[in-house]
Structures are given as structure tokens and as C-alpha cells.
Amino acid sequence: MDNNREKVRIGRINYTNVWPIFYYFPMDRFQEEVELLLQVPTSLNKALAEGKIDMGPISSFAYGQYYKDCVLFPDLSVSAFGKVRSILLFHRKPLEQIVNGTIALPTTSASSVNLLKIIIAKFYGGQPTYSYASPSLNDMMKETDAALLIGDDAIRADWNNPGYHVTDLGQLWKHWTGRSMTFAVWAVREQAMRNKPDVVRRIYEAFCWSKEQGLANSADMVRDAQSAIGGTEQYWQQYFERLTYDFGPAQWDGLRLYYQYGWELGLLEEPVSLKIWHDNSVIQVNE
């Protein structure tokens, strides 16, 4: 980060699953200090790696790739212990029958794509042929046995499902490992942490406050989700309640296993160390 640049650039994922953390974020307190950039996860991953943003939610897998330059905020993530409802594999036949078939992957995700690869290789011994496509279920399924969708694209496709089997990857990960799965983490570049420690601390505290408000006062957020995407009040209430926005030992445990499998399968170049922010210092979590 350019130390002379006034504003800290914060990336924001363009999906409802991060709303409880962002919804009440007090931008008025940071008007001269913060700039928000709204993008899909893969774009934010690249922007953080290149130093074009200084902090924000990125795919968990991206942290595994760039962990040497970044630190993770505690207490902030998009995680699930079981069903997540927005990381969905649609398939024509039962899962066991397509693990050596053809699977279309979205270009918008890194964590979920690699989670699927890990699950199929580790737990089913499968070696499918993967291809990438824009996140449209009808187009993805024209010439494949299965298609993975994430975020709001997955939610809409599930509501309009023309009859495909649907597998929730969060639920499948819990079934095979008994652990939580973290899909997005809140990362800050170490350079930003060093250059503007007071601003970084206040931003972190504001995000934690926003998360508390979002979970305690979800009515407006639920109405906005209905307006933007559709669905019922009950659906969105349950959707936000099912997700976990914490990032502590239970989430660290599941994420370490995810990284271990990713390294064993060659998806990551080396073992990953969890570096956790603590008042502008770094704590390493290895066990």
C-alpha cells in the first residue's frame, strides 16, 4: 500500500452471504479514510494479491495462495458447520455416479471450486474432467454431468431447479470430516497493517460491531435480500442464521484441514500457516 495514499481500500464480495458483516458498517465514520470496492470473490482475490486493495473478504483458498503477504482478522468469516445453501453442486445422477464424469465450475469462486476438487478426490476417489463457465445453470449443464454454483447464483438456481440432484458442499464437508468449512476470510495486507495501524484497528472494530448489529437486527437486511433476489422472509432469516460469521478455533481447525488436503493434492504449492491479527501484531496458529 502506498503510505501516502489517503484511503484504505476495502474489497467487498458481491454476494448476500457477507451482508451481516457489511450491512451496518459505519462508512460515515471513515469517509476520508476508506474506499469500498464491490467485486466477485475471484476479482477480490487477485486485487488483494496485487496490492490493489488493502483488506477485505477473500476466498479462503486465496489466503492459502498469498498467506505470506496477508494476516487474517479473527471473529470475521463466512463459514458453515453443515448446510450453507449457497455452495451447491447440481448433477443429473447420484454423486457417486458422476465423480469420474464432467463437471462445470464457475469462474467466480476459488474456495468452493477447490473444496469440490478435494471432496471428490479425497472421499470418492474420483477424477472428473473439469471445465470453467459463466455461472448459468442451463448453459453449464448442456454438455456436462454436473455444475457448481455459488452465492446468489446458486440460490436462484436452487429455487428454479428443473429436477437436478442438488448437493450442498458445506453439508458434504461436515459429513466426511465432522468439521466446519470457511468459505471466505477477512484478510489485511501486512503492509497496510504496518502503514496505518490505527485505521486498521478501527476498521476491524467497526466490522465486528457491524456483524453484531447485522445478526441482532436482521429485519431490514432480510427485506433487502427479498427485494434484490426474491424468496421469502423465512428463507432469508434461516439463511443468515445458518451461516457462521465467527472466525475462531473451530473455524481454524476446519480450515487447516482444508489447506492440508489442498497441499496434498497439489492445489496449493506449500503448507499454509494461519496468521491471525491481534491488535496490529500477528499470532501464528499451527495446531
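Observations, loosely collected:
- Degrees separating the helix 197-216 axis from the principal Cα axis of the chain, which is the longest one: 50 degrees
- Whole-number percent relative contact order across the chain, with pairs defined as alpha carbons under 8 Å at least 6 apart: 29 percent
- Between helix 219-229 and the chain there is an angle of about 50 degrees, using the helix long axis and the longest principal axis of the Cα atoms.
- Approximate shape of the stretch 171-273 as ellipsoid semi-axes (Cα gyration tensor, √5λ), whole Å, largest first: 28, 24, 12
- FRET efficiency, 1/(1 + (r/R0)^6) with R0 35 Å, evaluated for Leu38 and Glu233 via beta carbons: 0.90
- Whole-number percent relative contact order across the stretch 198-287, with pairs defined as alpha carbons under 8 Å at least 6 apart: 18 percent
- In plain terms, the chain from Asn100 to His165 could stretch by 21.8 nm, reckoned as 0.36 nm per residue minus the Cα-Cα distance.
- Bridge type composition, the chain - antiparallel percent by DSSP, nearest 5: 65 percent
- Using a Förster distance of 22 Å, the FRET efficiency for Glu241-His175 (Cβ separation, nearest 0.05): 0.60
- A simple spin-label model places pseudo-atoms 7 Å from Cα toward Cβ; at Thr129 and Gln191 they are separated by 4.2 nm.
- The stretch 87-177 - share of DSSP beta bridges that are antiparallel (%, nearest 5): 55 percent
- Three-way shape call for the stretch 8-58 based on the alpha-carbon gyration tensor, with the a/c threshold at 1.5: oblate
- Tilt relative to the chain, helix 249-264 - C-alpha long axis, 0 to 90 degrees, to 10: 60 degrees
- For the chain, leaving out every one of the trypsin sites (Lys or Arg not before Pro) that falls in a DSSP loop and has at most 13 other Cβ atoms within 10 Å, the longest unbroken run is 143-287.
- Full extension of the segment from Glu269 to Asp220, taken as 0.36 nm per residue of separation minus the current Cα-Cα distance, would add 13.3 nm.
- The chain - convex hull of alpha carbons, volume per residue in Å³: 120 Å³
- Straight-line cross-link reach from Lys122 at under 24 Å between alpha-carbon atoms covers these lysines, not counting any fewer than eight positions away in the same chain: Lys83, Lys93, Lys174.
None of the figures in this text is laboratory data; all of them are computed from the coordinates on show. Given the structure is predicted, the values throughout are model-derived calculations rather than measurements. Please note: Cβ atoms are built from the backbone with ideal geometry, for glycine as well, and neighbour counts cover all protein chains shown.
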